[in-house]
Amino acid sequence: MDRMPRWADLILVPLISILLAGLISGVVILAIGENPLRALGIMVSGAVGSTYAWGYTLYYATNFIFTGLAVAVAMHARLFNIGAEGQATWGGLGIALVALYLPWPHWTLAMLGSAVAAALFGAAWAAIPALLQARRGSHIVITTIMFNFIAAALLNWLLVGPLKPAGTMETATAPFPPATHIPSFRDMFSFGETILFRSTPANIAFFVAVAACVAVWWLIWRTRLGYEIRAFGHSEGAARYAGIDATRIIMVTMLISGGLAGLMAVNNTLGYSERLILNAVEGAGFIGIAVALMGRAHPFGVFLASILFGILYQGGGELQFALGIPREMILVIQALVILFTGALDNMVRMPVEMIFAERRRARAPIAAPGPARSSPGHMTPPSDPGKPAE
Amino acid sequence: MPDPVPAIELRGISKAFGPVQANKDISLRVMPGTIHGIIGENGAGKSTLMSILYGFYRADRGEILINGRPTAIPDSQAAIRAGIGMVFQHFKLVENFTVLENVILGVEDGPLLRPSLAKARAELKALAEEYELEVDPDAIIEDIGVGLQQRVEILKALYRKADILILDEPTGVLTPAEADHLFRILRNLQAQGKTIILITHKLREIMEITDRVSVMRRGEMVAHFRTAETSPPELAEAMVGRKVLLEVDKTPARPGAPVLEVENLRVVDAKGVERLRGISFRLHAGEILGIAGVAGNGQSELLEVLGGTMKATGSVRLKGQALDISGNALGRARRDSGIAHVPEDRQTRGLILDFAAWENVALGYHHRPAYGSGTRLDLAAMQADARDKMQRFDVRPPDPFLAAKSFSGGNQQKIVVAREIESAPDLLLIGQPTRGVDIGAIEFIHKQIVSLRDRGCAILLVSVELDEILSLSDRIAVMFDGRIMGEREAARTDARELGLLMAGVADTAAGRAA
C-alpha cells in the first residue's frame, strides 16, 4: 500500500533522521563544553567551504560510493556483504601487484589495468564466502566478516615481508612508478595561475565511482541478470520456481559486489597513496554498509549518502583539528548518524507515513475501493493481522 | 415478539486505508447462540471488518455494541475482555511450542510457568470433552496437521473465555472430513450457547451450517438472509452483483496422443521420508487429469518434480522425450520444453509480491527474446505485454505498474494463470487454481482452463477442492500417502467414492494401486 510519496521516502525521512542525529550530537558537544553551533560551522566550512575541503570530502565519498555500491548490490539479492573491507584490501593488493610488476606505458592503461586487477582481486576475496553460502549454507555475514580479518592479517604479513622494499622500516610497498600516477583533481581542474584542490587526495577515481553508480543502476533495473538478482532477493521460492539458479545468483552477485569493493583501491591506493600501505581501507568497508542502508540500496541514494558521509568524515577531522575535540567524539557523531539513518530508520519513517496517510484521508474522504500503487522503496509492512485484500 | 439483544451489533462502521474505502457504513446484528455467516468475494472487506471487531484496526466511524452495550475495542486485549475470540486464516501459533504452551501464551498467571501449565492442562481436558476438541496437549505444533492446529486456535479462544467466536475462512486448509469435524465442533459450541461468526466465500458451507448470512460486496453490506430462505445462486448473485455460472460448462474431452508419461516416480525428502512412492500415469493432449487427495499426500511433490524444482527418480517423458528429473533447478528447462506451471502457492512461488505486475508477467520467461535482446531487458515490451495479458484475462485493475501484493487473491491468480496459459504450453501443471479466489474469478479461471484443453493442451490439475476436481476433470486420480490409489472417469464417479480413496481405502475395483 502506498504510504507516502517517493520524495518523502527518499529525501524527507533521511533528512529528519540526520537532523535528529545532529541534535543529539549537539547535546553531546555541549556536554563536553563546546559550542555546538560553532562546531557545526567548523564542520560545514571544513567539509564544503573550499576546494581544499571538497578535495577531501569527495575523496572519502569516492571510497564510500564503491563500498556502498558493493553492499547495495548484494542487498538486492538479500545477501548481507559485511566483507567490503576485506575485499577492498584485496583490491589494493591487486593494484600493487600490477602497478609494481607490470610495465605501464601510460596512466590511462595503468588505470584500466589496475581497475581490472582490483575488481578481480576483490571478487576473488568475495568468491570464497559466496561459494560457502551457495553450496554449504554457511552464513555470508559470518564468513565475510571473518574474511576481513584474514585479509588484514594477510596484508600485514605481505607488507612486513615479501612486498616490503629492502632497507625500509615502513610497512608499505615501494612507491608505484610515475607512469601509473593517475590525475588528481588538482591536475584536472587547475588552470594557469588558479590552483584548485591544492594538495588534496581527490582524483579521477571519483568519476569512475560515478560511472559505477550508473552501471549498477543499469545492471539492477535494466538487465536480465539484475531482474534475476532482485527476484532472488525478494523471494527465493519464486526465483527457484522461475528457473533462476540460486547458486549462480549468489556467486555472480557476490563477485560483482566484491569487484565493486575492490575498485575502491583505484581511489585510495592508485589515486592517492600511490603505494600500498597498511590499513589502507580505514573502515570504508563498514561505512559502506551504512551508506547502502541510508541510500536504500539505490545507486543514486548511495551516491548522496556517500557525499554526506564524506562531509561527516572530513568535517569531523576539521573539528578535531580546530577545537581539539577528541577523535572518539567524532566517531560518536558519525555513529549517531549511522544509528539514526540505518538502525532507527523506522522510528522516523512510521510517524511520517502516518502523517501522509492522515493528510491523504483528509483530502479524499471516500474514493472507490481499489488497490493502491505500491511505493518503489518497498518496506515490509509492520505486520498485517487482517490483510484487507485477502 | 421483540428480538433478543444481539450479541454483536455494528452500527455504521466505516474504515478507509488511504484512498481505499474498505468498509462503508456497515451495520450488522448477530443474534446470540447463532452461527452467522459473512460471505463476500476477496477484497469485499470481510477481514477488515473482523479486524475492527478484534481491535486490530480502529474504525473511522461507527460503533460496536456487545450484548447491547457500546464497547470500545482499541486492541485485541479489549476484544478478549469483551468475550470475542478469533481464529485466523493464517494461524498465529508458535511452531516449536507445545499445544499447551501455545494455549497459555499471553495469559500465563504469574511469572512461573508450571502452575499455569497445570491449570491449562485441566481446563483443556474439560474443553476437549465438552466440545469434541481433542488435541494432545504435549504435541509440538509443527508436528501436528493443520486440522489439529486449527483446533488449538479454537481452544486458545475458548481458554480466554470467548463467547463470540470469529472464524476467518476456516476450511481453506482442511480436508472434507476435517471440515465436517470442524462443523460438528461449531454446532457443539452453538448448542452450548456460543455465538459464531463464520467468514467464508464458500457457498456450500454457508448453506450447510449457518442460521443467517450477511453478504458483503465492495466494502458494503449488501444483503442479509435467513439461510433457510435463500439459495446458492441468490447468494452468489448478491456477492458478485450479477448472475454467476456455478457449474463448469464443458464438452466431453477428445484426448489425443499421450503428452506426459510418468513411470515409477519416487521422491525422498530431506528427512528421509518417501513422499512419492512409485507414481505412474499417462496424460493425453486435450485432456484434464485431476489429482484429488487430502493436502500433503504427495501432490505438491508431484507438481514440484514435474515443474523442475524437486529431484526425483523414475522416468518422465514429455511427448516421447525423456525429461531430466535429477535436479531441482530445472524450471527454465521445463518451460523451454513446453511445460507451464501454475504453482500451488502464488504468494511465495507464483508471484514476487513486491514486484510490479509487469515484472511478474515475465517471471520465468524473462530470458526469452520477446522481453529484450542480449543481457538487456526491454522494459517497454514487458509493460506492453503485461498490459495486454492483464486486459485479456480481466485482471482488475488492469494496471501493470501496481505491485502484485496490491491485487486481490483472485486477480493475483489471474496474473499467474495469464502468464502460464499465454506461453501456449503443451502441458499445463496447475495446483490449487482457485484457492483463496473469489467466485467471479473462479468462473473465469475455470473457463480458461477448459478452453486451453479444447485447444489441445494436456492439463494436470491438482486441487484439494473435491468439487473443483469433479467439475473440471475428465479423468481423476486419487493420491494417498505418496501413491495413486485409483483412477476414475470423472463422469462415472462421485464424491463418496473419491472420498474413500482419499482416505486410503484401497482400490479393489480397479486394482491399480501401484
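The values are calculated or read from the model by the stated rules, or taken from the named source; none is laboratory data. All figures in this text were calculated on a predicted structure; none of them were measured in a lab. All Cβ positions, glycine included, derive from the backbone under ideal geometry; neighbour counts span all protein chains shown. Areas reflect the complete protein model, heavy atoms only, side chains present, ligands, DNA and RNA absent. Shrake-Rupley method; radii C 1.70, N 1.55, O 1.52, S 1.80 Å.
Observations
- Between amide H atoms placed 1.01 Å from N, distances below 5 Å from B:Glu108 occur with no residue 5 or more places distant or on a separate chain.
- Gyration tensor (alpha-carbon) shape descriptor, the protein assembly as shown, a/c threshold 1.5: prolate
- When A:Trp217, B:Trp358 are compared by accessible area at a 1.4 angstrom probe, the order from most to least is A:Trp217, B:Trp358.
- Cα gyration tensor shape of segment B:25-87, rounded if a/c is under 1.5, else prolate or oblate by comparing a/b with b/c: rounded
- Residue-by-residue Karplus 3J(HN,Hα) for segment A:284-293, coefficients 6.51, -1.76, 1.60, Hz, glycine and proline x: 4, x, 7, 4, x, 5, 4, 5, 5, 5
- Chain A - percent of accessible surface contributed by carbon and sulfur, probe 1.4 Å: 69 percent
- Area of A:Thr171 that stays accessible when all protein chains are in place (1.4 Å probe, Å², to 10): 50 Å²
- Calculated [222 nm] ellipticity per residue, helices only, for chain B: -9500 deg cm²/dmol; basis is -39500 (n - 2.57) per DSSP H run with n ≥ 4, divided by all residues, nearest 500.
- Surface per residue (accessible, 1.4 Å probe) for segment B:244-319, Å²: 46 Å²
- Each Lys or Arg adds one and each Asp or Glu subtracts one; over the other residues with Cβ under 15 Å from the Cβ of A:Asn203, this totals +1.
- Estimated vicinal HN-Hα couplings, Hz - segment B:368-383 in sequence order (Karplus 6.51, -1.76, 1.60; Gly, Pro = x): 7, x, 4, 9, x, 10, x, 7, 7, 9, 9, 4, 4, 5, 4, 5
- Most fluctuating residue given options A:Gly243, A:Gly192, A:Gly68, as computed from a GNM of chain A linking Cα atoms under 10 Å: A:Gly192
- Ranking by accessible area, most exposed first, for B:Glu108, A:Glu358 with a 1.4 Å probe: A:Glu358, B:Glu108
- Accessible surface ranking that places the most exposed of A:Ile142, B:Ile325 first, with a 1.4 angstrom probe: A:Ile142, B:Ile325
- Antiparallel bridge percentage (DSSP; both residues within chain B; nearest 5): 55 percent
- Residues in segment B:202-219 carry Karplus couplings, in order, of 9, 4, 4, 5, 4, 5, 6, 10, 8, 8, 9, 9, 10, 10, 10, 8, 6, x Hz; the curve used is 6.51 cos²θ - 1.76 cosθ + 1.60 with θ = phi - 60°, and Gly or Pro positions show x.
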